[in-house]
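The structure appears below as structure tokens.
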Amino acid sequence: MSATADRSARRAALAALGQAGRDGRPWRSLDELDADTAARAVETAFPALADRAGATLDRRTLLKLMGASLAMAGLTACGEAEQIVPYVRQPENVVPGRPRFFATTLPSDGYGIGALVESHEGRPTKVEGNPDHPASRGATDAVMQAAVLALFDPERSRTPLHQGRPAGYAAFLAAVADLRRQRAAGTRRGLALIVEPTTSPTAKAQIAGLRQALPGLRVFVHDPLGTSAPGAALEAASGRALVPVPRLERASTLLSLDDDVLGEGPGRLAHARAFAAGRRVRRPGDAMNRLYAVESTPTITGAAADHRKAVPPDGVAAVARGLLALVDGGAAPDGLPVAPDWLAVLADDLRQAGDRALAMAGPHQTPAVHAAALALNARLGATGRTVAYIAPPDALEADGELADFCAAAEAGAFDAAFVLDTNPVHTAPADLDVPAALAAVDLVVHSGLHVDETARHADWHVPAAHPLESWSDLRAYDGTASPVQPLIRPLFDGRTQHEILAALAGDFESGPRALVRATWADRDEPAWQAALKAGVLPDTAAAAVAPPAARLPDVGGRPAPAAGGGLTLRFRADPFLRDGRNANSAWLQELPQPLTKLVWGNAALLSPATAARLGVDNGQMIAIAEGGRRIEAPVWTTPGQPDETVTLTLGHGRSHAGAVAALAAGYDAFRLRRTAAPWMARGAEVTPLGQTGRLITTQHHQAMEDRDVVRHATLAAFRDDPEVMHAGEPPPPDESLYPEWEYPHQAWGMAIDQTACIGCMACVAACQSENTIATVGPQESARGHEMHWLRIDRYYAGEPDDPLTLFQPVPCMHCEKAPCEPVCPVNATVHTHDGLNAQVYNRCIGTRYCSQNCPYKVRRFNFLDYQPFDPGEAGPQQAMRNPDVSVRSRGVMEKCTYCVQRISAARIDAKIDEREIADGAVVTACQQACPTQAITFGDLNDPQAAVVAEKDSPLDYALLAHLNTRPRTTYLGRLRNPNPRLAETGEGDGGHG
Amino acid sequence: MAETARPDGEREPARPPVMVGRHDLPEISERIGAIVLRGALPRGFWLAFFGLFVLVLVFLYSITYLVSVGVGAYGINIPVAWGTMISSFVWWIGIGHAGTLISAVLLLLRQPWRASINRFAEAMTLFAVAMAGLYPILHLGRPWYFYWLLPLPNTHMHWPQWRSPLVWDFAAIATYGVVSLLFWYMGLLPDLAVLRDRARSRGRQLLYGILALGWRGSAFHWARFESSYYMLAALAAPLVVSVHSIVSIDFAYAMVPGYHSTIFPPYFVAGALYSGFAMVVTIAIPLRRAFSVEDLITVRHMDNAAKIMIAAGMIVTYGYVSEAFFAWYSGESYERRMMWSRVVGPYAWMFWAMIVCNAVVLQALWWRRVRRSMPALFVIALAINVGMWLERYVIVVSGPSRGYLPAAWNDQSLTWLDFGIFFGSLGTFLALVFLFVRVLPAITIFEVGELAHERRQAQEGTR
């Protein structure tokens, strides 16, 4: 920009400043106003460009994009289409209205989880798990489900920005070329590359190649989520970087040492499935594994455990060492945070299990815990049987971490830095001044899906391609590689990391597909095509290595209290938002947290006793100060939280995440995190502030009030009396005024295994995605207007410091004698020929009588216009909606349909083929997502159906059966397998709550 | 007839007369007709009417807002999907009941004291039913489709579902509204003729003339009138019981704890009469004062109304006791928990305010002095009006908020729209009463005249 233009822009900015002052619009800096001016200037000069830089997508652009995706679908997703042309001849295998599925891999903290993505005429609409992929095995989690929402997020970055102004990608490439020329001339200082841990073989090969090609390049790994923490911890514990690959299906006695194995980590879906498979008890003779959990904050793993002890984060190491001593036949040191008797019984149980035992250390625990787990597995003979050790799939030869970058950059070591797909300005520990470090670098390049906090400190911002738009490859937790292939051409001209790395290496031509294909050049074309089809590259799993002996540091007994007292902090990534990268996803913001059931914000978790000591109650604000920094957070008292420990969740409170994230209330726990203590910190001061913050929960009562809601019993009680779930139950009345329904064809039904359910919320997210369920925002959520058709109720039983946590997924029960049906004055809720309780949206006038009369309260009402279906208002998210599901307007009731669109599809297929609908042909969205296969669905008229077998179990019971609603959704009572030698303290007398 | 047995009210001070002083028909016609026919109105009337008009605007604004934004704008949610639209509806329907009771049932029972209060009680009924009828429509998620409740032949094969009490409800309210209107209009005919004859301007003569349907007051007319009026009364009388019974079945039919109760029909009918009479008293006391008709609407009327309030109120109180007793005696944990949360839970202040207003304050009416003290009676009637609204709200809300699954428990919090619509409808109702008093005779001229005539004859006969 010339000097004159610069001056006039500044004048315009000052004028705008005056204007902003007058109309009260908040502004942060002159730059921001300047950017507005620039945007206006662009609007005048290049309307087409301004159109793309705008906040919303107009219909014309959307149609263009959809046209592009259609063309792409015709070219089997090769991503090379140059022109948009309508179909002249219909492409083979594309039947309009019939979805196609493509195998791909979605990233999860740098690792890959296989997915099958449903595509309707080139629009990805739904993510399912890939049964052939070892990390998915057909299951998904909530974050994977939300990938389609993130893809169509209208606030994604849409164009490269240079100094905050729109610029072309060609200009960016020119800048990279310039940089390379200058480097070749040898006139430059260092070049920094900041990436997150990645398992992508292509990225790792590219980075390794760059290190060769560019001698001044230094690679820094920024790891806000601790992806590489287990490898580093084991390296410290044994001298060799390894990660454990537990095989839960082989273990009979499992021990979690602060390891949320079911809820976190790249293998969580596979582990949850294996864990549940070891607990699949239907008859009294069936075997069941036993899980002990020692944990420093309540997790869903602890909730699923048969025995759980809450200990402070810094007490886990002592417990692990004490246990190791007991297993070795010695004595445990005094003063452990758990009772010695309890530990002795646990040690006996592990010894008895021998090579069928498994000890797992939390990824964020200290090397001492990892060393103890390694030693335990070795002593018990479990190594190589229930757990294998492999080289970390995310190992990357690097020059340091973010802290090293900051130190070097501030010393003036770099003239250029590439920050790829990471947001260190938000996710850096608070003791690093990343903006200052970036300011000390002449040229900062950032790539990301959003113009985020880091993009605002970069000279160049390049929009990243979403994983569903990308070619790449990723490894699973066991090292298996799988391809990432695009479902749609990049909506906003985003670029993969590979393209930027290639440009840096001087390759400005190769497309991402060629770059990825080059990594797998050893595979011939048929093998590559087969891998793309299957979603897995065969024979790529890492080989197990024998681990060295553990080096056991002395950890003593009870940890010494911190100098000056204070509370212990425990940091956790938000289960859905992670480090905040998913903060702009309305689905994930509105998805209730598994245990707290909080939405649209986070809280500081305190134990009831600590909250009482501090005199604070749910929602009251506290100030937490540690290491000279201070944040304010609302309190949530959580049963099972260790005393004097505060759990803080990362990922909330972002400043520039987008309009959806701006609706949420939350604190930013990164502001309290130090490089040296990323996961726990001691000596925090907590002071009540006397104010109340905004906390929104979807469940207001936590106890079952002595009702038969979640029936539970111990395995021993079930073996004594198979009818234990029905003990004391009055026979349900079965008279009815109305005649019985007849089902000549199918009679659909569902069984939900509450022993298997771990409360992970994947089913709820899957239901939301499949059925285009609206999100309502924080204000409406606070008023009880949330729309989820399926909810997971979480009840506590027993003592607040040692609770029994029970999960109950509650979809529509599709009652045989449905209370909603006779009360509707306009016949909007009716019984179908195949047993469903159908809601006819067009007929509904919104009396809400059906919801009043529903004892399960599963009906959801469109209180306001939650979901604009008008193309002008709907934005790009319109393209994501499932075309097989009816839209619902304001003022009508909706609810779980048993995924009637999937039933219809299966029925149509069966009719065309002139056969019966096979068992397993209809899979509901919740069932498909469930990692533990807790949900079974099928035809009750088919005696061979899996659902009939489930319902035949003596564990099966109907919720609120005495009301004579005769639900088609029934539950298998929750079984626990506590050690008979451990005195049961109130939690399991065999009776049900 | 009771009055003829004890002919002269003045001789029995313990029981005030239904009419004070000697009146004849022309004088009564003149006095009552003048209220309507006089030209200028006192400033107070206009000031009060302006205040009510503001409330009418609030009502219209609130309805517009509700229909354009959606029912989520007022305080409902899941699990408590019914709120003030239902409780106010029941309250208004209840208020409507006194009119029919006074007009039809007391007519059939030949209680002549009803004569001077039945007209405005009937009008009150009509306006209350009009208000009540709006609420279920505003309650709907898609109010513009309310007519789908009607069995109208249509092309989209839509037919009401007869198992739903809401359809019965719709029919019951519609019947009640039509019969009330007919009954009221029938009773107005002779008086409209009086107004026609007394009106001086051509416009009014025409208006009242058309409305009077050619009434000339011949013996033939009177004979026909009497028989049809009694026949309509006989039709209307069962409605007093049926309408509120069916309204109560909306609740009793549902399996919600706190709704599912066989005592609801009688309990609701008694509650309706209770609140209805309270509203009659609330309106009659200022009315008789403002228009100086204390000799026509006498302390005796108020006394009798208060006695009916005691009777109805004690049945309502019995209802409260029986609800609580059966919640305990049933042994149903769901009922017990719901009742317990009603007593100590988030709506406890409403529950206890309702008990004080409806069951405790009422007891003052056992004293004759309280019954005959207009300020005391007015305050008690107001308290009962408030208490009865609270009762309906507590019933509507507390059951679903503490339903079968504790995880689904939640409370409801009201928004400005709940208040906007309720107070707007109250203002609209009172504005309609004001207009009625201005346009039509608020006291039945012919019946009061008849009463005066009978009294005079009786007195002459005994002397």
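Determine the sum of side-chain charges near A:ARG495: Lys and Arg each +1, Asp and Glu each -1, restricted to other residues whose C-beta is under 12 angstrom from that of A:ARG495. Could the numbers behind the result be given before it?
Numbers: positive: none; negative: A:ASP421, A:GLU469, A:ASP493, A:GLU499.
Local charge sum for A:ARG495: -4.
Report the label-to-label distance for A:ALA518 and B:ARG43 in nanometres (one decimal), using points 7 Å from each Cα along the Cα→Cβ vector.
9.5 nm
For A:LYS911, list the aspartates and glutamates whose Cα falls under 20 Å from its own Cα; do not include residues on the same chain fewer than 8 positions away.
Cross-link targets: A:ASP834, A:ASP884, A:ASP919, A:ASP939, A:ASP942.
Which is farthest toward the positive dipole end of the protein assembly as shown among A:MET621, B:ALA212, A:LEU324, measuring Cα position about the Cα centre, with Cβ charges +1 (Lys, Arg) and -1 (Asp, Glu)?
B:ALA212
Roughly how crowded by other chains is peptide A:857-863, in terms of the mean Cβ count from those chains within 10 Å of each of its Cβ atoms? Before the final figure, lay out the partial values.
Working: counts 12, 3, 3, 1, 8, 5, 11.
Per residue, the number of nearby Cβ atoms from other chains is 6 on average.
What distance in nm separates the two pseudo spin-label positions at A:ALA411 and B:ALA34, each 7 Å out from Cα along the beta-carbon direction?
Reported label-point gap for A:ALA411 and B:ALA34 is 10.8 nm.
Normalised by the residues of chain B, what does the relative contact order come to in percent, with Cα pairs under 8 Å and at least six apart?
Working: 623 pairs, mean separation 148.3, N = 463.
Relative contact order here is 32 percent.
Quick check on packing: order A:814-820, A:142-148, B:147-153 by the mean number of other C-beta atoms within 10 Å, highest mean leading. Could you put the intermediate results ahead of the total?
Values: A:814-820: 23.0, A:142-148: 26.0, B:147-153: 14.1.
The peptides rank, most packed first, as A:142-148, A:814-820, B:147-153.
Sort B:178-184, A:126-132 by the packing proxy (mean of other Cβ within 10 Å over each peptide's residues), most packed first. Could the numbers behind the result be given before it?
Details: B:178-184: 18.9, A:126-132: 23.4.
Peptide ranking by packing, descending: A:126-132, B:178-184.
Restricting to the protein assembly as shown, compute how many DSSP beta bridges are antiparallel as a %, nearest 5. Kindly include the intermediate steps, with their values, before the conclusion.
Details: 67 of 121 bridges.
Roughly 55 percent of the beta bridges in the protein assembly as shown run antiparallel, per DSSP.
Work out the length of the dipole vector of the range A:567-697 about its Cα centre, built from +1 on the beta-carbon of each Lys and Arg and -1 on the beta-carbon of each Asp and Glu, and round it to the nearest 20 debye. The partial results should precede the final answer.
Numbers: 14 positive and 10 negative charges, 65 e Å.
Value, rounded to 20: 320 debye.
R0 = 51 Å: FRET efficiency of B:TYR61 with A:ILE908, Cβ-based, nearest 0.05? Each step should come with its number before you reach the end.
Working: r = 50 Å, r/R0 = 0.99.
So the FRET efficiency works out to roughly 0.50.
Hey, with R₀ at 56 Å, roughly what FRET efficiency would B:LYS307 and A:LEU689 work out to, going by the Cβ-Cβ distance, to 0.05? Mind dumping the intermediate values first?
On the way: r = 59 Å, r/R0 = 1.05.
Given R0 = 56 Å and the Cβ-Cβ separation, E is 0.40.
Taking each residue in A:780-790, count the Cβ atoms of any other chain within 10 Å of its Cβ, then average. What number comes out?
On the way: counts 2, 0, 2, 9, 13, 4, 2, 1, 0, 0, 0.
Taking all residues of A:780-790 together, the mean is 3.
With axes computed from alpha carbons, what is the tilt in degrees of helix B:202-211 against the longest principal axis of chain B, rounded to the nearest 10 within 0 to 90?
60 degrees
Does anything in the range A:165-184 have its amide N under 16 Å from the 7 Å Cα→Cβ label point of A:ASP399, and if so which residues?
Under cut-off, by backbone N: A:180, A:183-184.
Just to be sure I understand: of the beta bridges DSSP finds with both ends in the range A:229-390, what percent are antiparallel, rounded to 5? Walk me through the numbers on the way to the answer.
Values: 4 of 19 bridges.
Roughly 20 percent of the DSSP beta bridges within the range A:229-390 come out antiparallel.
Once a ≥ b ≥ c are taken as the square roots of the eigenvalues of the Cα gyration tensor of the range B:394-463, is the result rounded (a/c under 1.5), prolate (a/b larger than b/c) or oblate (a/b not larger than b/c)?
On the way: a/c = 8.35, a/b = 2.54, b/c = 3.29.
Since a/c reaches 1.5 but b/c is at least a/b, the shape of the range B:394-463 is classed as oblate.
Using +1 at the Cβ of each Lys and Arg and -1 at the Cβ of each Asp and Glu in chain B, identify which of B:PRO265, B:TYR135, B:TYR185 lies farthest towards the dipole's positive end.
In chain B, that residue is B:TYR185.
Any chance you could run the full-extension gain for B:VAL343 through B:ARG289? It's 0.36 nm times the residue separation minus the Cα-Cα distance, nm to one decimal. Don't skip to the end; give the middle numbers.
Values: separation 54, 0.36 × 54 = 19.44 nm, distance 4.01 nm.
Extra length from B:VAL343 to B:ARG289 when fully extended: 15.4 nm.
May I ask you to order B:286-294, B:85-93 by the average number of other C-beta atoms within 10 Å around their residues, highest value first? Walk me through the numbers before you get to the answer.
Working: B:286-294: 15.4, B:85-93: 26.3.
Most protected by this proxy first, the peptides run B:85-93, B:286-294.
Could you work out the relative contact order of chain A? I mean the mean sequence separation of Cα pairs under 8 Å and 6+ apart, divided by the number of residues, in percent. Write out the running numbers ahead of the final one.
Details: 2233 pairs, mean separation 140.2, N = 993.
So the answer I get is 14 percent.
Residue by residue through A:890-896, how many Cβ atoms from other chains fall within 10 Å of the Cβ on average? Display every interim value, and only then the final one.
Working: counts 6, 10, 2, 3, 0, 0, 0.
Per-residue shielding by partner chains comes out at 3.
Using the basic label-point model (7 angstrom from Cα toward the beta carbon), what is the B:VAL379 to A:ALA170 distance in nanometres?
Here the modelled spin labels are 8.8 nm apart.
Taking R0 as 51 Å, what's the FRET efficiency between B:ASP24 and B:TRP159 from their Cβ-Cβ distance, rounded to 0.05?
Working: r = 58 Å, r/R0 = 1.14.
It comes to 0.30.
A:LYS857: which lysines have alpha carbons under 22 Å from its alpha carbon, excluding same-chain residues fewer than 8 sequence positions away?
In chain and number order, the partners are A:LYS597, A:LYS817, A:LYS895.
If you average the sequence gap of Cα pairs under 8 Å that are 6 or more apart and divide by the length of the range A:567-697, what percent do you get for the contact order? Mind showing how you got there, number by number?
Numbers: 304 pairs, mean separation 52.4, N = 131.
Relative contact order here is 40 percent.
Quick note: the coordinates plus some simple rules give every number you see, no bench work behind them. Nothing here was measured: the structure is a model prediction, and the numbers come from that model. Note that we place each Cβ from the backbone using ideal geometry, even for glycine, and neighbour counts take in every protein chain shown.
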